[in-house]
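Visitor: Supplied in structure tokens, the structure appears directly below.
The values are calculated or read from the model by the stated rules, or taken from the named source; none is laboratory data. From a predicted model like this one, the values you see are computed outputs, not experimental measurements. Cβ sites come from the backbone with ideal geometry, for glycine too, and all protein chains shown count toward neighbours.
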């Protein structure tokens with residue numbers, strides 16, 4: 001799956017900790033919060049912990065049952081959904097598919 005590309009600039013890869021990551025460079029800093037709201041609503045995710053919202057990075061952890069995912073944005077990679085556990089990988093794949101289908105429209109017009 002390393003470097004596998006999905007339609008509309010959605011990529012699946014593994015980070016240095018072997019966690020599955022879905023990245024999408026089509027979402028800018030202004031679209032991060034709305035995209036997180038849409039994904040959390042679509043997939044029933046609940047925020048956990050504190051969020052980080054800086055100039056060059058934004059981050060929020062989410063859970064759904066035992067699944068743990070981080071939704072992140074930074075100036076280098078754009079938007080990312082990161083599986084915190086192996087059991088969360090199917091959720092990351094579903095988020096990647098959702099992003100691929102929905103990326104054509106800006107977040108505020110969906």
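Visitor: Taking the condition modelled with pLDDT of 95 or more and farther than 19 Å from residue 27 by Cα, does residue 65 pass?
Guide: yes
Visitor: Out of curiosity, is residue 69 in contact (Cβ under 8 Å) with a residue 60 or more places away in the chain, outside any loop (DSSP other than H, G, I, E, B), more than 16 Å from residue 103 (Cβ to Cβ) and touching a helix residue (DSSP H, G or I) at 6+ places or on another chain (Cβ under 9 Å)?
Guide: Judged against the criteria, residue 69 is not a match.
Visitor: Which of the residues spanning segment 22-38 are buried (at least 16 other Cβ atoms within 10 Å of the Cβ) and free of Cβ contacts under 8 Å to residues at least 60 places away in the same chain?
Guide: Once the filter is applied, which keeps residues that are buried (at least 16 other Cβ atoms within 10 Å of the Cβ) and free of Cβ contacts under 8 Å to residues at least 60 places away in the same chain, segment 22-38 yields 23, 29, 32, 33, 36.
Visitor: To continue, here is another question. Sort out which residues of segment 39-69 are crowded, with 18+ Cβ neighbours inside 10 Å and within 13 Å of the chain's Cα centre (by Cα), and write them in order of number.
Guide: 39, 45, 58, 59, 60, 61, 62, 68, 69
Visitor: Check segment 29-41 and report whether any residue there is closer than 21 Å to residue 102 by Cα, part of a loop (DSSP other than H, G, I, E, B) and touching a strand residue (DSSP E or B) at 6+ places or on another chain (Cβ under 9 Å).
Guide: No, because not a single residue in segment 29-41 is closer than 21 Å to residue 102 by Cα, part of a loop (DSSP other than H, G, I, E, B) and touching a strand residue (DSSP E or B) at 6+ places or on another chain (Cβ under 9 Å).
Visitor: Can you find even one residue in segment 76-86 that is at pLDDT 95 or above and part of a helix (DSSP H, G or I)?
Guide: Scanning segment 76-86 turns up at least one residue that is at pLDDT 95 or above and part of a helix (DSSP H, G or I).
Visitor: What's the number of the condition residue 91 fails, among (1) surrounded by fewer than 21 Cβ atoms within 10 Å (Cβ to Cβ); (2) part of a helix (DSSP H, G or I); (3) at pLDDT 95 or above?
Guide: Among (1) surrounded by fewer than 21 Cβ atoms within 10 Å (Cβ to Cβ); (2) part of a helix (DSSP H, G or I); (3) at pLDDT 95 or above, residue 91 violates only (1).
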